[in-house]
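Undergrad: Sharing a structure here in structure tokens format.
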């Protein structure tokens with residue numbers, strides 16, 4: 001085949017360092033998500049939706065065939081962290097956690113994941129980020145070692 005074709009969807013989740021609720025303000029959270037959108041597009045990973053509550057973010061995007069996932073996620077976290085520190089002194093200590101969760105999404109499940117991200121505020125009235133993440137890992141068949149996940 002003379003050309004390479006790919007459309008890979010991925011659901012990415014990561015938290016602020018120590019789950020500090022830096023993104024409580026709706027305006028800064030929307031700005032953060034918009035800024036992350038621009039970073040992802042720059043690396044050929046087009047977001048379908050970015051959302052989440054005050055202490056973590058969910059991204060549903062396509063995965064670039066031209067850039068490695070490690071580069072995409074690293075640049076997104078690094079650049080968005082640098083950006084928010086310029087917004088206000090109260091964000092001067094902002095950091096993302098070191099790790100992340102990333103899960104493949106089939107085309108038939110894209111709308112379900114999209115709805116899941118849209119409903120994050122309601123979802124987190126009932127469950128914590130940690131319980132949500134444990135559940136997602138269990139559904140993906142990933143064993144969790146609690147010593148290395150929460151920072």
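We did not get these values from a lab; they are worked out from the coordinates using the rules stated. None of these values were measured; they are calculated from a predicted model. Note: ideal-geometry Cβ built from the backbone for every residue, glycine included; neighbour counts use all protein chains shown.
Undergrad: So for the pair residue 110, residue 122, with labels modelled 7 Å out along Cα→Cβ, what separation do we get in nm?
TA: For residue 110 paired with residue 122, the spin-label model returns 2.3 nm.
Undergrad: Nearest 0.05, what FRET efficiency do residue 41 and residue 147 give at R0 = 30 Å with Cβ-Cβ as r?
TA: Step by step, r from the Cβ atoms, then E = 0.25.
Undergrad: Less than 20 Å from a label point 7 Å out along the Cα-to-Cβ axis of residue 3: which backbone N atoms in the stretch 31-73 qualify, by residue?
TA: The answer is 44-46, 62-67.
Undergrad: Classify the stretch 22-125: rounded, prolate or oblate, from the alpha-carbon gyration tensor (a ≥ b ≥ c, eigenvalue square roots; a/c under 1.5 rounded; otherwise prolate if a/b is larger than b/c)? Intermediate results must be reported in sequence, preceding the final value.
TA: Values: a/c = 2.00, a/b = 1.21, b/c = 1.66.
Oblate, because a/c is 1.5 or more while a/b does not exceed b/c.
Undergrad: OK, next. Return the whole-Å distance between the Cα centroid of the stretch 19-34 and the Cα centroid of the stretch 108-123.
TA: 18 Å
Undergrad: Next question, about the same structure. For a test of the definition: using alpha carbon positions, the gyration tensor, and the 1.5 limit on a/c, classify the stretch 94-148 as rounded, prolate or oblate. Walk me through the numbers on the way to the answer.
TA: Numbers: a/c = 1.62, a/b = 1.23, b/c = 1.31.
Oblate.
Undergrad: Extension gain residue 19-residue 102, at 0.36 nm per residue separation less the Cα-Cα distance, in nm?
TA: On the way: separation 83, 0.36 × 83 = 29.88 nm, distance 1.81 nm.
Gain in length upon complete extension: 28.1 nm.
Undergrad: Can I ask one more? Using only helices, what value at 222 nm comes out for the chain when you add -39,500 (n - 2.57) per DSSP H run of length 4 or more and divide by the total residues, to the nearest 500 deg cm²/dmol?
TA: Values: 5 runs with 59 residues, N = 151.
It lands at -12000 deg cm²/dmol.
Undergrad: Right, something else. Determine, for 145, 26, 44, 55, the number of other Cβ atoms within 10 Å of each Cβ, and report the residues in order from fewest to most.
TA: Ascending Cβ contact count within 10 Å gives the list 145, 26, 44, 55.
Undergrad: Determine which residues of the stretch 80-108 fall in the zone a paramagnetic label at residue 138 would reach in this model, i.e. backbone nitrogen under 17 Å from the point 7 Å along Cα→Cβ.
TA: Answer for the stretch 80-108: none.
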